[in-house]
Structure formats: structure tokens, C-alpha cells
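Report on one structure; see the data block that follows.
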Amino acid sequence: MKILVTGGAGYIGSHTVVELLNANHDVIVVDDFSNSNPKVLKYIKEITKKDFVFIEGSLLDKALLDNIFKNNKIDVVIHFAGYKAVGESVKKPLMYYDNNLISTIYLLEIMEKYKVYNLAFSSSATVYGTPKKLPITENMTLHTTNPYGTTKLMIETILNDLKKSNEKWSIALLRYFNPIGAHESGLIGEEPNGIPNNLMPYIVEVASGKLKELKIFGNDYDTKDGTGVRDYIHVVDLAKGHVSAINYVNNNVGVEAFNLGTGIGYSVLDIVKSFERVNNVTIPYKIVERRPGDIAECYADVTKAKKMLDWSAEKTIDDMCRDAYQFILKNKD
Ligand code: UFG
């Protein structure tokens, strides 16, 4: 299939492009490098020994989008492009609503114009807000706690309305849990700007000596050891989930949401211990106050993805910790 990947140079996007090329799809990437690095394109080619089309630009550029669809017979779009930092979205809500919503609307308008109705959308488990029960199933009530999450939920709503307007639409809402790790080549991985907000990028910077110690946000949650529990998924497993999702949308119609996680919850201390063991390092840490907005526990029921996408995550928490660190060691400079 010919697949347009928006935000294909980003963390999850780049790993997905690798898996799409490995599965012999034709890929066109559009990215404006607002939160990614051009060298990633070279590394994707090095890993896969395959080529793809790259177009530098923003989805807010309607003429650019129109040209892409005019010049290519696209079968499916995977839409990753968008701002994704929770804290930043609280400080700059308009920037998030403007960029994430408008670019998606432009993309959908062009898809309609060129009668391309197959889409996999990069959503997030953040749409479940504070879950009322665990594990989280796709039919649970949705609500959000920050503007970033609200943009994801608003886009899911738009996509549901779109399907009601035209039954040809086939859309997979892919709700990611906590993607971590890196490609086993060590060539592509997560490269946050500035001091990382998320757990794994923070731990790797402590391990490599860039940061002094990890601050664990609370050890008084109602969890097995008091620290927060999440469903961490290896980014390569997540990327493979997208390959399954495009096959699904290509053969079905309607809108379906899928949890992409492992179904297993690990605490912050579990991650620290695993990281120390597999990488033979020590992670100094200190327990501090809870982080505002954090929930105690979050993990997925992954039955639906297994059944309908014929996909499930395979890599272990040790794989995730090892690959995340190897990427940093290889890219220290
Ligand atoms: N944590 C720490 N110290 C840190 C960073 C995180 O103790 O320095 C803890 C958090 O309190 C939490 C766990 O590690 O218990 C995971 O935190 P992350 O920031 O890595 O991830 P979140 O679960 O908070 O958020 C992630 C994504 C969001 C997405 C959400 C969906 O970052 O984009 O999952 O579930 F919306």
C-alpha cells in the first residue's frame, strides 16, 4: 500500500516508518521537524536498506497537502503530527488547539477531496482521564485533564462525526499507553528537548550522568509499592501495531478504537530496578511530592487489539530498559 505518514520523523512516527518499510509498503513522510531531527531520515534508510519519499512541511500548508494527494495515489494515512507535551499544553492551550486541531481538519478536508478514506490516528490513553476501573477497555467513559488530551479527544469526536457523514470512512483510533525504548539498532529513539518530563527519558539521563538523580513523584499511591503504575510498551511493538491497523482499516469501514499497550502495569520502582539490572548501572533517586494531575494506576485491556488487529506486544520491560539506554549511549554527543 502507499501510505502517507504525517510526523514520520518523530519518535513513534520514525519507528513506524521502519516497520512499514520492513513490511514492503510505499511510504511518504511529511514532517516539519518542529520536534524531530532530519538525521532520523538517514537512519531509517540505514536500518531498512529501503527508500521512501520525504516532504518537509507543515500540515497547515494546504497547498502542500493538496500537492501530495494530487501527485500520489495514497491508500492510507497515519496521522502522528501534533504537539504532545502535557505540561506545555497547560501553559499554552491555544497553541495546542490551534496546531493539533487545525492541521487535522486540513488533512481530513484534503483526504475527502481526494476520496482517501482510510486513516489510523495517533490517539492516547490520556482520553480515559482518571480510569474508574482497571484494566481499561475501549468502551469506558472518556474525559481529559489537560489541553493536550482534549485535542486528542476532540479529534476522536471529529472522526466519529465524519464517519456518520460518509460511511466510506475507515478509521482506527490508536490509544497508546506509555511508549518507551528505542530501535534495537540504537540509531533511532526518543530525544526530548530540554529536561525530560517523562520517566524513561529522565532515567536514561540520570544513568548517563547528565542529571543527578531521579525524582519519584510520590510513594503513597494505592499501588503495590506506593509509586505510580503504568502500562509501558516498547516503541517497536507499538510501531508494529500500526502496520496491523492499516491492514485493518484497508479491509473495513467505520471507526474503531484500540488500546495499544501490553496489558501489564509496572511501578516506577519496577522500572528503576529493571533498568539498573539490565544495564548494570545505579539510578540514584529521591521520593518527592506527587506530580499534580498524575493518576495512581493505568493499564490496558488489550483483548480487542489482539482479536481484531491480530496484534499484541512481544517485548519485555527489560528489552525496553536496555534499548532505551543503548540509544543514549550510542548518541551521547
Ligand atoms: N514519574 C516520576 N518521575 C519523573 C517522571 C515520571 O516519578 O521524573 C512517574 C510519574 O509520576 C508516573 C510515571 O512515572 O507515575 C510515568 O510518568 P510519565 O511522565 O512517563 O508518563 P505519564 O503516564 O504521566 O504520561 C504519558 C504520556 C502522556 C500521555 C499519558 C497517557 O507522557 O502524553 O501517558 O496515559 F497522555
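The values are calculated or read from the model by the stated rules, or taken from the named source; none is laboratory data. From a predicted model like this one, the values you see are computed outputs, not experimental measurements. Backbone-built Cβ (ideal geometry, glycine too); neighbour counts: all protein chains shown. Side chains are part of the model used for accessible areas, which takes the heavy atoms of the whole protein and leaves out ligands, DNA and RNA. Shrake-Rupley method; radii C 1.70, N 1.55, O 1.52, S 1.80 Å.
Per-residue answers, yes or no, for (1) in a helix (DSSP H, G or I); (2) at pLDDT below 95; (3) within 26 Å of Lys2 (Cα to Cα):
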site: Leu94; (1), (2), (3): yes, no, no
site: Asp98; (1), (2), (3): yes, no, no
site: Met111; (1), (2), (3): yes, no, yes
site: Lys115; (1), (2), (3): no, no, yes
site: Thr130; (1), (2), (3): no, yes, no
site: Ile155; (1), (2), (3): yes, no, yes
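Condition check for Asp66 on (1) over 20 Å from the mean Cα position of the chain (by Cα); (2) assigned to a loop (DSSP other than H, G, I, E, B): one failure, at (2).
The set of residues in region 233-256 being in a strand (DSSP E or B) and open to solvent by less than 10 Å² (accessible area, probe 1.4 Å) consists of Ile233, His234. Taken over region 276-304, the criterion of being away from the ligand (no atom under 16 Å from the Cβ) and not in a loop (DSSP other than H, G, I, E, B) is satisfied by Arg277, Val278, Asn279, Thr303, Lys304. Look at (1) assigned to a strand (DSSP E or B); (2) closer than 16 Å to Leu199 by Cβ; (3) away from the ligand (no atom under 11 Å from the Cβ) and you find that Asp323 fails only one, number (1). Val90 falls short on exactly one of the conditions (1) of a type in the set (A, V, I, L, M, F, W, C); (2) touching a helix residue (DSSP H, G or I) at 6+ places or on another chain (Cβ under 7 Å); (3) closer than 20 Å to Asp31 by Cβ, and that condition is (3).
In region 136-154, the residues that are under 14 Å from Ser89 (Cα atoms) form Cβ pairs under 8 Å with partners that are acidic (Asp, Glu), at six or more places apart or across chains, as follows: Tyr148/Glu88.
Answer yes or no: is there a residue in region 154-169 that is open to solvent by less than 10 Å² (accessible area, probe 1.4 Å), touching a Gly at 6+ places or on another chain (Cβ under 9 Å) and more than 12 Å from the ligand (Cβ to nearest atom).
yes
Just one of (1) over 30 Å from Arg290 (Cα atoms); (2) assigned to a loop (DSSP other than H, G, I, E, B); (3) out of contact with any Lys or Arg (no Cβ under 8 Å at 6 or more places or on another chain); (4) not charged (D, E, K, R) fails for Asn160. It is (2).
On the stretch given as region 179-198, residues that are surrounded by fewer than 21 Cβ atoms within 10 Å (Cβ to Cβ) and within 11 Å of the ligand (Cβ to nearest atom) total 5. Entry remark, region 199-229: residues being open to solvent by 20 Å² or more (accessible area, probe 1.4 Å), more than 23 Å from the chain's Cα centre (by Cα) and near the ligand (Cβ under 7 Å from one of its atoms) number 1 in total. Restricting attention to region 82-107, the residues being more than 16 Å from the ligand (Cβ to nearest atom) and open to solvent by less than 10 Å² (accessible area, probe 1.4 Å) number 3. Under the condition of being more than 10 Å from the ligand (Cβ to nearest atom) and touching an Asp or Glu at 6+ places or on another chain (Cβ under 8 Å), which residue from region 123-137 is nearest to Ala81 (Cα to Cα)? Step by step, filter region 123-137, then rank; the result is Thr137.
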